[in-house]
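Here's the structure, in structure tokens; my notes come after.
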Amino acid sequence: RILAARVAGSKIPAAIYTVATLTGHVIRAYGWYGATVANGPARRGKYDQRLAVSGLAYGDPFENSIMRREDHAFVRGRTDREDVYQSNSLPSTLTDRGHQYPAAFIIKASGLDKHSVGAGASAAIPFVHVDIAGSAEDGSEPGLGLCGITGSPVATFAGAFWS
């Protein structure tokens, strides 16, 4: 609805957040912490930093990862038969920038690439992906059983937006 509203000329402030236990790479990069990956408009507005500050205050810390042009290049279509490339043949843990490029995929697949910093302030839409693969479980179960579930990032979002 946000994309459609922008196309129709709406100037109402809006931001998009996605949350998923998306990659094992974020665990390799940051251990049992989650990470944010923000597009240009969200970084300019410090949306990712707002989550990091709230996470520290509420005991649910997050790292801020930076999306780079290589992440967008990774997901670009390689032939005339595809618009976007979701993955390669390696697990995210063995792929360079394995938790950043999925956010670039979400941006391209959703059409948010047309609402980046280059689109101008009135058309830009802040987007933050929150990868909670590391923070969603407490890491207490060393075997094949399920780990304890933490509730991350509920406290972080509540602190960032309800205060």
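The values are calculated or read from the model by the stated rules, or taken from the named source; none is laboratory data. Just so we're clear, the structure is a prediction, and the values are computed from it rather than from any experiment. Cβ: placed from backbone, ideal geometry, glycine included. Neighbour counts: every protein chain shown. With ligands, DNA and RNA removed, areas are computed over all heavy atoms of the protein, side chains included. Shrake-Rupley method; radii C 1.70, N 1.55, O 1.52, S 1.80 Å.
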Given trypsin sites (Lys or Arg not before Pro), DSSP loops and at most 14 other Cβ atoms within 10 Å, the longest exposed-site-free stretch of the chain is 82-163
Please report, as a whole percent, how much of the solvent-accessible surface of segment 81-124 comes from carbon and sulfur atoms (probe radius 1.4 Å). 51
Regression test value, accessible area per residue of the chain, probe 1.4 Å, units Å², expected 57
Modelling each spin label as a point 7 Å along the Cα-to-Cβ direction, I'd like the Cys147/Glu70 distance in nm, to one decimal. 2.6
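To check you understand DSSP bridge types, tell me what percent of the beta bridges within the chain (both residues inside) are antiparallel, rounded to 5. Before the final figure, lay out the partial values.
Details: 6 of 16 bridges.
Of the beta bridges lying entirely in the chain, close to 40 percent run antiparallel.
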Put +1 on the Cβ of every Lys and Arg and -1 on every Asp and Glu Cβ in segment 23-144; which of Trp32, Ala109, Ile132 then has its Cα farthest towards the positive end of the dipole? Ala109
Can you tell me the dipole magnitude for segment 13-88 around its Cα centre, using point charges on the Cβ only (Lys, Arg +1; Asp, Glu -1), in Debye to the nearest 20? 220
About the Cα centre of the chain, how large is the charge dipole given +1 on each Lys and Arg Cβ and -1 on each Asp and Glu Cβ? Please answer in debye to the nearest 20. 800
Tell me, what is the percent relative contact order of the chain, built from C-alpha pairs under 8 Å that lie six or more residues apart? 36
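If one computes P(r) from the Cα atoms of the chain, what percent of pairs lie at distances over 27 Å?
Every Cα pair in the chain considered, those over 27 Å come to 28 percent.
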